[in-house]
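In what follows, a structure is listed as structure tokens, so that the remarks can point back to it.
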Amino acid sequence: MTAFPTLNGLLHTENVALADIARTYQTPTYVYSRQALTTAFEQFQSGLTGHDHLICFAVKANPSLAILNLFARLGAGFDIVSGGELARVLAAGGDPQKVVFSGVGKSHAEIHAALEAGIFCFNVESTNELQRIQQVAADMGKIAPVSLRVNPNVDAKTHPYISTGLKNNKFGVAFEDAHGLYKQAAQMPNIAVHGVDCHIGSQITELSPFLDALDKVLGLVDALATENIHIQHIDVGGGVGITYSDETPPDFKAYTAAIMQKLAGRQVKVLFEPGRALVGNAGVLLTKVEYLKPGETKNFAIVDAAMNDLMRPALYDAYHRISTIAPSAAPVQTYEVVGPVCESGDFLGHDRDLAIAEGDYLAIHSAGAYGMSMASNYNTRGRAAEVLVDGEQTHLIREREQIADLFKLERLLP
Ligand code: LLP
């Protein structure tokens, strides 16, 4: 069921028409539905009743404080990849004891901050990182809980930029090396081996890559047990895809059931790191048509959102559905929907049939994940506002960035 239905010709979320949001907050503006976020989390969790589990929302998908706070209130943990994300989780009221720290380049300062906060686990991605964590923990007189992120060499069958579990990716510890590194970790005085972690990619629409990866991980867990290294939790990563156009990803029930079936009979906590699947279809980007520009071969709809607001089309050639938010008397025409940024790659959609006039608003759908989180200030454009709808109410959860904000850290030469 869509979180953005059309009622009496007007696109809504919950009890609010998006046209009202566009008028009140102007554009470009990201709009999220509290109910859609909550439902996604609860549906994901419902397949895990009775199992020891922790759902760690991947902060990078949408790091809005209000959204992190909402998930924290629902009991979520968080998957972070930087000291900045840790600070956000703490500022949003997240529980540090439910935080896992992934990423290939953890700095001294980040490791220090995570140990200070008392996170649940480091997902270690290399031998040298393990040694660095041992060192920092020793200096602080602490014990660092770790998992190794193993790279199972499984093809996630997704876009190469967002596939992470193949041998040639920079992520994780090569599967063949994991066993030896666990033995080393078990000997380190300030390291406590807690778990094993595996994340093979993003926007995965089939179950089999997840299950193939888990089979390999379980083989490793069993081999470690024979050496008296007991794994207490298995982190299966994130990566469950969503429907942007006609993809048919596994639903949460099928996904969690398949994972839990593989773990049947094992006394192990299971961790998940979903990002996109919890937020992607709970948000849209609202934008206004500035100009209609007929061309010799293409008609352009130039809108006030651009690649700096939503980078996915330009970066991955990603498809996002684009719709009007109110009826229009304009004739339907085929448009290139493009932004004002000075790059030919600045498009939001190709060949879209739309009935629009200048001044009309459009919704760019499935924009709740990796939308605002990847936004930039390219072309000295302030980042969009963010609004969260809750029933009849709208909350401005992030103000529109002002131009003066964009260069306030800069200095003229003396
Ligand atoms: N865990 C780790 C270690 C990750 O690297 C990621 C995403 C996730 C969890 C969450 O994955 P998800 O459930 O959202 O698929 N910017 C790209 C996606 C990059 C994903 C990076 N890692 C996009 O817009 O498609």
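I'd like to know which of 117, 150, 97 lies farthest towards the positive end of the charge dipole of segment 85-193, counting +1 on Cβ of Lys and Arg and -1 on Cβ of Asp and Glu. Positive-end residue among those listed: 150. Taking 0.36 nm per residue of sequence separation and removing the Cα-Cα distance, the residue 107/residue 298 pair yields an extension gain of 63.9 nm.
So for segment 81-188, averaging the separation of alpha carbon pairs under 8 Å that are six or more residues apart and normalising by length, what relative contact order in percent results? Relative contact order comes out at 21 percent.
A simple spin-label model places the labels of residue 376 and residue 2 3.1 nm from each other, with each point 7 Å out along Cα-to-Cβ. Fully extending the segment from residue 406 to residue 264, taken as 0.36 nm per residue of separation minus the present Cα-Cα distance, adds 45.9 nm. Legend: residue pairs 142/262; 106/288; 106/262; 183/216, Cα-Cα distance threshold 29 Å; pairs beyond threshold, 142/262; 106/288; 106/262.
Here the gap between residue 20 and residue 42, fully extended at 0.36 nm per residue and compared with their Cα-Cα distance, gives a gain of 5.0 nm.
Protection proxy ranking, highest mean first, for peptides 142-150, 369-377: 142-150, 369-377, where packing is the per-residue count of other beta-carbon atoms within 10 Å, averaged. Under the convention that each Lys and Arg Cβ holds +1 and each Asp and Glu Cβ holds -1, the size of the dipole of the chain around its Cα centre is about 560 debye.
A straight line joining the Cα centroids of segment 171-250 and segment 33-66 runs 20 Å. Principal-axis analysis of the Cα atoms of the chain puts helix 108-117 at an angle of about 80° to the longest axis.
Looking at segment 240-286, the trypsin sites (Lys or Arg not before Pro) that sit in a DSSP loop and have at most 14 other Cβ atoms within 10 Å of their own Cβ are 266. Measuring nothing but how far apart in sequence close Cα pairs (under 8 Å, 6+ apart) lie, relative to its length, segment 311-414 scores a relative contact order of 23 percent.
Each peptide in 333-339, 9-15 receives the mean, over its residues, of other Cβ atoms within 10 Å, and ordering these scores from highest gives 333-339, 9-15.
Positive end of the dipole of the chain (Cβ unit charges, origin at the Cα centre): among 255, 27, 219, the Cα lying farthest that way belongs to 219. Here segment 305-414 is treated with +1 on each Lys and Arg Cβ and -1 on each Asp and Glu Cβ, and its dipole about the Cα centre works out to around 300 debye. When only the Cβ of Lys, Arg, Asp and Glu is charged (+1, +1, -1, -1), the dipole of segment 1-157 relative to its Cα centre reaches about 160 debye.
The Kirkwood hydrodynamic radius of segment 44-133, based on inverse pair distances between different Cα atoms, is 13.3 Å.
With contacts taken as Cα pairs under 8 Å and at least 6 residues apart, the chain reaches a relative contact order of 19 percent. Rounded to the nearest 500, the 222 nm mean residue ellipticity of the chain from helices alone is -8500 deg cm²/dmol, with -39,500 (n - 2.57) taken per DSSP H run of at least 4 residues.
Shape class of the chain from the Cα gyration tensor (axes a ≥ b ≥ c, square roots of the eigenvalues): prolate, since a/c reaches 1.5 or more and a/b is larger than b/c.
Every read-out reported here was derived from the displayed coordinates using simple, explicitly stated rules and does not represent laboratory data. The shown structure was predicted, so the numbers you read here are calculated from the model rather than taken from an experiment. Note that each Cβ is placed from the backbone with ideal geometry, even for glycine, and that neighbours are counted across all protein chains shown.
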